[in-house]
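Read through the structure below, which is laid out as structure tokens, and then see the notes.
The values are calculated or read from the model by the stated rules, or taken from the named source; none is laboratory data. Note that the structure is predicted; figures quoted are calculated from it, not measured. All Cβ positions, even for glycine, are placed from backbone atoms using ideal geometry, and neighbour counts span all protein chains on display.
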Amino acid sequence: MSWTDTHAHLFDPVFDQDREDVLARAKAADVRRMVVVGCEPAAWESVCAWASGGPGQVAIIGIHPAQAQETDAQDLLELQRRLAEPGIRALGEVGLDYHWTPYSASAQRKLLDAQIALADQMGLPLVIHERDAFADLMTALAGVEVPVVLHCFSHGAKEAEDAMARGYYLSFAGPVTFPKSDQLRQAARICPSERILLETDSPYLSPHPLRSRRNEPAQVAITGEAVALVRQVSPATLMETVAENVQRVLGVFPELPG
């Protein structure tokens, strides 16, 4: 059994100079399944090529809420076409983000609604980005029937319970290791085994004590060990749990070869 990074921006330009080394370090850290994300049209070609490249390699694509005011109908048509390509397992990351200003809540909601409809039409899971918008997000997702993953879950037990009542998956990233993240660790503690996922969101959100450095898939092992400790299970048990969950929501895919 090995670690699975369920959310990595492997084709971010910061990896252009050493992407192969990053992959080698992931294998050395026993990270043998990676879900790569393309959440803007410029990334889709590279991400789709990765997704069709072999064992351990699948991807999700979508349009991030930060792109809401730049997105047009042609982008959504292209997204629909790309979602049918081999190895694309979900639509994401999509959602609502009210943290950065200026932002347009109405444009974000319109884009999210369009992508929810597309996911429903194609029978694909939704991978959700949310920041400072939890209540509005839960309203937007009411009635959604496809599986929902709350990527980089960042809230406490109350929000976790609200999400769990709907059967959503909670994906925990580096912030669960931060010294002041007690409420987030409580959410990780109470999350049902069948709903927990792990990710790096690399190159962002490196876990403690690497917080000031670029994140990469190898570091999902650090986050995994911290979550295993919180849940009072062995890292091997958590590895197996996450592998089962990611393949339940995204479909079966084999490990990267050693």
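Being among the hydroxyl-bearing types (Ser, Thr, Tyr), over 30 Å from MET122 (Cβ atoms) and assigned to a helix (DSSP H, G or I) is a property that THR223 has.
Which residue, of LEU197, LEU250, LEU238, is under 15 Å from the mean Cα position of the chain (by Cα) and over 22 Å from GLY53 (Cα atoms)?
Working: LEU250 fails: over 22 Å from GLY53 (Cα atoms); LEU238 fails: under 15 Å from the mean Cα position of the chain (by Cα).
Among LEU197, LEU250, LEU238, only LEU197 is under 15 Å from the mean Cα position of the chain (by Cα) and over 22 Å from GLY53 (Cα atoms).
Taking the stated definitions as given, is ALA114 closer than 27 Å to LEU10 by Cα and either of a type in the set (Gly, Ala, Ser) or more than 16 Å from the chain's Cα centre (by Cα) (or both)? The answer is yes for ALA114. Restricting ASP16, ASP12 to residues that are under 19 Å from the mean Cα position of the chain (by Cα) and acidic (Asp, Glu) narrows the list to ASP12. Please determine, by comparing only the residues of segment 226-258 that are more than 21 Å from VAL127 (Cβ to Cβ) and among the polar types (S, T, N, Q), which one is surrounded by the most Cβ atoms within 10 Å (Cβ to Cβ). Looking at the filtered set, the residue picked out is THR237. Determine which single condition ALA26 fails, assuming it passes every other condition in (1) more than 30 Å from THR237 (Cα to Cα); (2) touching a helix residue (DSSP H, G or I) at 6+ places or on another chain (Cβ under 7 Å); (3) part of a helix (DSSP H, G or I). Condition (1) is where ALA26 drops out.
Can you tell me which residues in segment 105-147 are in contact with a helix residue (DSSP H, G or I) (Cβ under 6 Å, 6 or more places away or on another chain) and part of a strand (DSSP E or B)? LEU126, GLU130 - these are the residues of segment 105-147 that are in contact with a helix residue (DSSP H, G or I) (Cβ under 6 Å, 6 or more places away or on another chain) and part of a strand (DSSP E or B).
Scanning segment 110-124 for any residue that is within 30 Å of LEU229 (Cα to Cα) and either modelled with pLDDT of 95 or more or crowded, with 24+ Cβ neighbours inside 10 Å (or both) turns up nothing. Residue pairs whose Cβ atoms lie under 8 Å apart, sitting 6 or more positions apart in sequence or on different chains, and linking a residue in segment 172-184 that is more than 20 Å from MET239 (Cα to Cα) and among the small types (Gly, Ala, Ser) to a partner that is surrounded by fewer than 23 Cβ atoms within 10 Å (Cβ to Cβ) and modelled with pLDDT of 95 or more, are SER181/PRO175.
Here HIS99 passes the criteria (1) surrounded by fewer than 14 Cβ atoms within 10 Å (Cβ to Cβ); (2) farther than 21 Å from THR139 by Cβ except the one numbered (2).
What tally of residues in segment 62-83 results from selecting those that are part of a helix (DSSP H, G or I) and in contact (Cβ under 8 Å) with a residue 12 or more places away in the chain?
If we filter segment 62-83 for residues that are part of a helix (DSSP H, G or I), which is where we start, we get 65-70, 73-83.
Going one step further and asking which of them are in contact (Cβ under 8 Å) with a residue 12 or more places away in the chain, we end up with 65-69, 75-76, 78-80, 82-83.
Qualifying residue count for the region: 12.
Among the listed residues ALA59, ALA43, identify the single one that is under 27 Å from PRO257 (Cβ atoms) and part of a helix (DSSP H, G or I). Lay out the reasoning, then the answer.
Working: ALA59 fails: part of a helix (DSSP H, G or I).
It is ALA43.
Would you tally the residues in segment 8-21 being closer than 30 Å to ALA68 by Cβ and either in a helix (DSSP H, G or I) or out of contact with any helix residue (DSSP H, G or I) (no Cβ under 6 Å at 6 or more places or on another chain) (or both)? Residues flagged as closer than 30 Å to ALA68 by Cβ and either in a helix (DSSP H, G or I) or out of contact with any helix residue (DSSP H, G or I) (no Cβ under 6 Å at 6 or more places or on another chain) (or both) within segment 8-21 amount to 8.
Any chance segment 14-30 includes a residue that's aromatic (Phe, Trp, Tyr) and either crowded, with 21+ Cβ neighbours inside 10 Å or under 19 Å from ARG248 (Cβ atoms) (or both)? Checked against the condition, which is being aromatic (Phe, Trp, Tyr) and either crowded, with 21+ Cβ neighbours inside 10 Å or under 19 Å from ARG248 (Cβ atoms) (or both), segment 14-30 yields no hits at all. Of all residues in segment 24-50, those being within 13 Å of ASP5 (Cα to Cα) and either aromatic (Phe, Trp, Tyr) or free of Cβ contacts under 8 Å to residues at least 40 places away in the same chain (or both) number 1.
In this structure, does ALA173 turn out to be over 25 Å from THR241 (Cβ atoms), crowded, with 21+ Cβ neighbours inside 10 Å, touching a Leu at 6+ places or on another chain (Cβ under 6 Å) and modelled with pLDDT of 95 or more? It would help to see each step written out before you state the result.
On the way: over 25 Å from THR241 (Cβ atoms): no; crowded, with 21+ Cβ neighbours inside 10 Å: yes; touching a Leu at 6+ places or on another chain (Cβ under 6 Å): yes; modelled with pLDDT of 95 or more: yes.
Spelling it out, it is not the case that ALA173 is over 25 Å from THR241 (Cβ atoms), crowded, with 21+ Cβ neighbours inside 10 Å, touching a Leu at 6+ places or on another chain (Cβ under 6 Å) and modelled with pLDDT of 95 or more.
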